[in-house]
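Just so it is clear, none of the values below were taken in a lab; they were calculated from the coordinates. What you see is a predicted model, and the numbers here were worked out from it, not measured in a lab. Virtual Cβ from ideal backbone geometry, glycine too; neighbours counted across all protein chains shown.
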Amino acid sequence: MNTRYLILAFSFSLLTLMTACGDPGLDPDDCDPEVDENCECTLDDDGAETDDCVDGLTQDDQDCTCSILDPDPAPEADPTPEADPTPEADPTPPEPESFRFVMVEDLTANPRGDSPGADIDAISIIKISGDEFFAANLQPESSIDCEGNLSCDLNALLGAPDVIDQESGECFGVANPTGGDVDGDLFTALNGGFVIVDFSSEENGDVSIENGDQIHVFEVGSTECGAFDDDPFSVSVAIAISDDVEGSFQEIGVGDGSNIAPVSGL
Ligand SMILES: [Ca+2]
Ligand SMILES: [Ca+2]
Ligand SMILES: [Ca+2]
């Protein structure tokens, strides 16, 4: 083998190698569009797609390049549907506060005698429907001076009247009494103080005080009985009882002979 042939062979190999390196047909991604649907070939010149690119050349000898397209990207996973936002708790509208308490306060200037001041047999609320409920509970804020007061039992004003007969107007069981047997245990003499009651009970249910209702204070006197003194008192209502009892009540009436105070302006 002569030297000249060796040089020639070497040169040829080098040329082949260089050509191979620059030959897009040898691209590792090279592929056949006839076989592989992901194979796409384009002309090197203008990037136009072609489908007859084989080993880097088209049938009419244009340089071309084939490569495998990225397989279809995995379909994007459905975005996890956002959980419905936790529905905001229905802002429960705050229960409108209800008036529940009635205060009857003695307005007698100088209470005296065995049953000093206003003499309360019972207190009721007459609803617009006509239903009447009698005071069921005493509030501990009630304040009565028992000194010299023979009718100091606060419980005597709870429940239905037992001094005053609502139908006959008799008091202590005597028609048009001119005295009769006054039973001091059946009513409460306020003696310049006040009582606070409400009307809700198992029997009455939940009783609130609303405009249009009436508060009836059964005060033992000429208005109810045709005998004895009518003694002055005020009627007030409240939503709640605060430390400042007087401040939390709203006056709705003054006992001035009717003893029934219409509720309005709440
Ligand atoms: Ca009295
Ligand atoms: Ca009574
Ligand atoms: Ca009286």
Between the alpha carbon centres of the stretch 97-155 and the stretch 181-219 the gap in Å comes to 5
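How fast does the stretch 23-69 diffuse by Stokes-Einstein, in µm²/s, taking the Kirkwood radius from C-alpha pairs at 10 °C and 1.306 mPa s? Before the final figure, lay out each step's value.
Numbers: Rh = 10.0 Å.
Value of D from the Cα-based Kirkwood radius: 159 µm²/s.
How much length is gained if the chain between Ala109 and Ile128 is pulled fully straight, taking 0.36 nm per residue apart and subtracting their Cα-Cα distance, in nm to one decimal?
Gain on extension, Ala109 to Ile128, equals 3.5 nm.
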Taking the Cα-to-Cβ direction at Glu141 and at Asn211 and moving 7 Å from each Cα, how far apart do the two end points lie in nm?
2.4
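Where a ≥ b ≥ c are the square roots of the eigenvalues of the C-alpha gyration tensor, would you call the stretch 101-262 rounded, which needs a/c under 1.5, or, failing that, prolate if a/b is larger than b/c, or oblate? Intermediate results must be reported in sequence, preceding the final value.
Values: a/c = 1.68, a/b = 1.24, b/c = 1.35.
In terms of gyration-tensor shape, oblate.
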Gyration tensor verdict on the stretch 178-266 (Cα atoms; rounded if a/c is under 1.5, prolate if a/b is larger than b/c, oblate otherwise)
prolate
Based on the Cα atoms of the stretch 221-266, what semi-axes does the equivalent ellipsoid have, where each is the square root of 5 times one gyration tensor eigenvalue, given in whole Å with the largest first?
26, 12, 6
What full-extension length gain, to one decimal in nm, is calculated for Asp243 and Leu266 as 0.36 nm per residue of separation minus the Cα-Cα distance?
6.2 nm
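Can you tell me the order of 51-60, 111-120, 208-217, 185-194 when each peptide is scored by its average per-residue count of other Cβ atoms within 10 angstrom, highest first? If you can, show how the numbers build up before the last one.
Values: 51-60: 14.7, 111-120: 22.6, 208-217: 19.1, 185-194: 24.1.
So the order, starting with the most tightly packed, is 185-194, 111-120, 208-217, 51-60.
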Using packing as a proxy for protection, rank 219-231, 149-161, 33-45 so that the peptide with the highest average count of other Cβ atoms within 10 Å comes first.
219-231, 149-161, 33-45
